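One structure is given below, encoded as structure tokens.
Bear in mind that the values in this text are calculations on the coordinates, not laboratory data. Since the structure is predicted, the reported quantities are computational estimates derived from the model, not experimental observations. Heads up, the Cβs are rebuilt from the backbone with ideal geometry, glycines too, and the neighbour counts pull from every protein chain shown.
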Amino acid sequence: MRYRLTAIALFMALAACIAAACGDIGISATTPGPPSGIKGNVILGPTCAVQGDPGSFNPVPEACLTPYAAQMVVLDDENKVVAHIQSSGDGTFQVDVAPGDYIVTPATTDSYPIAQPVSVTVVPGQYVTVQINYDTGIR
């Protein structure tokens, strides 16, 4: 009987030590929030001659616009690159970034096609949708 009480006491002491040692193993108990980021499409145009002077507000006919595979970067509010984007052949892209203010801009400084930087604000748990317009210079 005495042997049995000693074994039970030893088992209880061992279980208490294991529970105490394993209580905090460094894994955070918080669950990450839903992802957020920037998504959109890239359009190249005009791809055919259009009427109007450069800079005029004449809309480009749909037939003269096409999806464009472009390389872009995402800059934070300190102008640091936080992500690289490669749009697909159909012009679409998506990149995960933390909530905040960003600028999506072309990765290259070629003369044409050119695109203007686009400012976006990403909110927690959502993707902001943008359209990046590359100008071919054709008029």
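What the phi angles of the stretch 40-49 give under the Karplus curve with 6.51, -1.76 and 1.60, with θ = phi - 60°, is a coupling list of x, 9, 10, 10, 10, x, x, 9, 9, 5 Hz, glycine and proline written as x. For the pair residue 139 and residue 64, the difference between a 0.36 nm per residue extended length and the Cα-Cα distance amounts to 25.9 nm. Projected onto the charge dipole of the stretch 37-135 (+1 at Lys/Arg Cβ, -1 at Asp/Glu Cβ, origin at the Cα centre), which of 89, 104, 60 gives the Cα projection farthest towards the positive end? It is 89, whose Cα lies furthest towards the positive end.
Under 5 Å between amide hydrogens, built in the peptide plane, is the criterion, and for residue 48 it picks out nothing among residues at least 5 positions away or on other chains. In this simple spin-label approximation, residue 131 and residue 30 carry label points 7 Å from Cα along the Cα→Cβ vector, and these lie 3.8 nm apart. Over the stretch 59-128, the reciprocal of the mean inverse Cα-Cα separation, the Kirkwood hydrodynamic radius, stands at 13.3 Å. Of the residues 73, 81, the one with the fewest other Cβ atoms within 10 Å heads the list, and the complete ranking is 81, 73.
In percent, how large is the relative contact order of the stretch 37-135, given Cα pairs closer than 8 Å and 6 or more residues apart? Present the calculation step by step, with values, prior to reporting the outcome.
Values: 217 pairs, mean separation 34.7, N = 99.
Reported as a whole number, the value is 35 percent.
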